[in-house]
1. Please work out if residue 267 is under 25 Å from residue 354 (Cα atoms), at pLDDT 95 or above and aliphatic (A, V, I, L, M).
2. Examine the range 124-135 for a residue that is within 12 Å of the ligand (Cβ to nearest atom), in contact with a helix residue (DSSP H, G or I) (Cβ under 6 Å, 6 or more places away or on another chain) and in contact (Cβ under 8 Å) with a residue 40 or more places away in the chain, and state whether such a residue exists.
3. Answer yes if at least one residue in the range 298-309 is under 20 Å from residue 234 (Cα atoms) and in a strand (DSSP E or B), and no otherwise.
4. Please state which one of 241, 220 is surrounded by 21 or more Cβ atoms within 10 Å (Cβ to Cβ), at pLDDT 95 or above and assigned to a helix (DSSP H, G or I).
5. Out of all the residues in the range 196-215, which are within 15 Å of the chain's Cα centre (by Cα) and either among the basic types (Lys, Arg) or farther than 17 Å from residue 132 by Cβ (or both)?
6. Of all residues in the range 37-65, which are surrounded by 15 or more Cβ atoms within 10 Å (Cβ to Cβ) and farther than 27 Å from residue 117 by Cβ?
7. Among 158, 124, 176, which is out of contact with any strand residue (DSSP E or B) (no Cβ under 9 Å at 6 or more places or on another chain) and open to solvent by less than 40 Å² (accessible area, probe 1.4 Å)?
8. What's the total number of residues in the range 135-182 that are in a loop (DSSP other than H, G, I, E, B) and farther than 24 Å from residue 214 by Cα?
Amino acid sequence: MLKDRVLIKDLPEHLEQEVIMQGWVHNRRDLGGISFLILRDRSGIVQCVYENTDIPLHESSVQVTGKPVSNKRAPGGLEIHATKLEIITEAKEPPPVEISKEEWHVNPETLLEYRHISIRGLEARAALKVQAELATAMRNYLNSQDFTEIFSPKIVAAGAEGGANLFEVDYYGKRAYLAQSPQLYKQLMMAVYERVYEIAPVFRAEQSHTSRHLAEYLSLDVEMGFIKDDHDVMDLEEALLKSMMADVAKTCQKELEIFGAEVPNLAVKFPRISLFEARALIKDKFDYETGGKDLDPEAERLLGKWAKSEHDSDFVFVTNYPQAARPFYTYPTEDGLTLGLDLLFRGQEITSGGQRVHEYDVLIEELKKRKMDPEAFAGYLEIFKHGMPPHGGFAIGAERLTALLLGISNVRFARAFPRDGSRLHP
Ligand code: AMO
């Protein structure tokens with residue numbers, strides 16, 4: 001590593017002094033005798049001005065020697081009067097997508113097709129940086145609350161969530177599946193550590209091709225034991241998200257700026273409203289009627305609008321979903337409802353969770369109600385014979401969280417290499 005290499009973000013400390021930088025040719029322009037090289041390193045970009053110099057192809061990696069000088073008209077308020085250009089690795093051909101172009105000018109399908117290259121663009125890398133920081137912030141907060149990180153298997157014998165969206169795997173001649181969720185394992189590990197979390201990909205063979213569904217996504221999972229009720233779960237998630245947002249506001253200022261994104265108001269309490277009340281409110285305030293077991297996307301949007309205008313909150317918990325809308329492990333209440341909940345962020349679901357069933361007999365009942373075979377869950381059911389305390393938790397879809405925070409309209413751009421019904425490359 002070059003000892004005296006200066007990063008672009010540190011240039012203001014070296015005004016008028018000769019510096020050496022390394023990075024990539026993000027962009028180049030030749031104005032007859034004067035050439036402009038936009039250099040990109042891990043910390044940012046800077047304009048370098050050369051006289052009579054050929055700048056190599058876009059994405060070549062190079063070393064620049066020169067002096068940073070103030071220039072109000074240059075992006076970032078300074079530019080490099082460059083004297084030397086050394087090629088580290090020359091690009092063999094121009095990139096298949098113009099990654100320095102403002103990314104929204106390139107067809108999104110093209111960006112995804114060449115994601116292995118377009119991911120070097122400033123927006124793409126900012127989005128994934130924010131996601132990485134969200135994950136770090138989650139670890140920091142939960143570790144501070146005495147949670148333990150777990151790593152559960154992703155090849156499993158049965159689906160945790162039910163439904164038809166399982167990927168089958170040939171497992172030494174037997175049928176296995178890719179995990180839809182670490183649900184059963186995080187409950188099981190709750191009985192080891194009381195408080196656990198996992199940050200890992202999960203797999204859903206979704207048939208719907210929408211801007212919010214992926215076949216593989218990053219699930220931020222949490223489970224906590226010895227709770228009083230579903231409000232303990234909501235208290236935890238609210239505190240966690242506020243801490244994550246506050247951290248990202250500090251560590252990702254530049255990235256948030258790229259998207260013109262604002263961190264949500266963290267001073268207000270997230271409103272909590274039952275699904276039943278939410279439906280009535282949406283009908284009453286917006287004259288919109290939602291059928292079905294769940295809120296449809298338009299109802300979610302309207303409820304988000306209500307939370308923002310009435311409570312100045314970007315988040316709203318929707319509680320007490322009916323049993324028919326929730327998986328067997330959700331704690332049932334007498335009225336055909338459950339202690340299952342969702343969290344909406346800016347009008348879109350980012351979380352499901354709630355209190356779980358912790359009694360063996362109730363669990364058998366719940367499986368039967370859903371015409372599921374208790375035999376298929378025998379291993380899982382056994383732990384409920386061994387003193388499971390009341391517990392609950394939730395899972396946040398990391399791509400949805402990131403996309404909604406940054407105003408990205410398609411979750412595919414909040415994942416490095418998205419997988420969906422029609423994409424397995426790159
Ligand atoms: P659920 O299936 O609702 O709950 O998933 C939880 C959250 O994961 C995200 N999500 C997705 N993101 C992208 N693409 C998908 N195909 C996709 N499916 C889900 C959403 C959703 O809110 N075991 C429960 C969680 C729990 O109860 O703890 C579960 O997996 O943001």
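1. yes
2. No, the range 124-135 has no match at all.
3. Scanning the range 298-309, I find no residue that is under 20 Å from residue 234 (Cα atoms) and in a strand (DSSP E or B), so the answer is no.
4. Only one candidate qualifies: 241.
5. 202, 203, 211, 212, 213, 214, 215
6. Once the filter is applied, which keeps residues that are surrounded by 15 or more Cβ atoms within 10 Å (Cβ to Cβ) and farther than 27 Å from residue 117 by Cβ, the range 37-65 yields only 65.
7. On inspection, the qualifying residue turns out to be 124.
8. Adding up the residues that qualify gives 5.
The values are calculated or read from the model by the stated rules, or taken from the named source; none is laboratory data. Bear in mind that the values here come from a model prediction, so they are computed numbers and not experimental data. No Cβ is skipped: glycine too gets one built from the backbone with ideal geometry, and neighbour counts run over all protein chains shown. Surface accessibility is based on the protein's heavy atoms, side chains included, excluding ligands, DNA and RNA. Shrake-Rupley method; radii C 1.70, N 1.55, O 1.52, S 1.80 Å.
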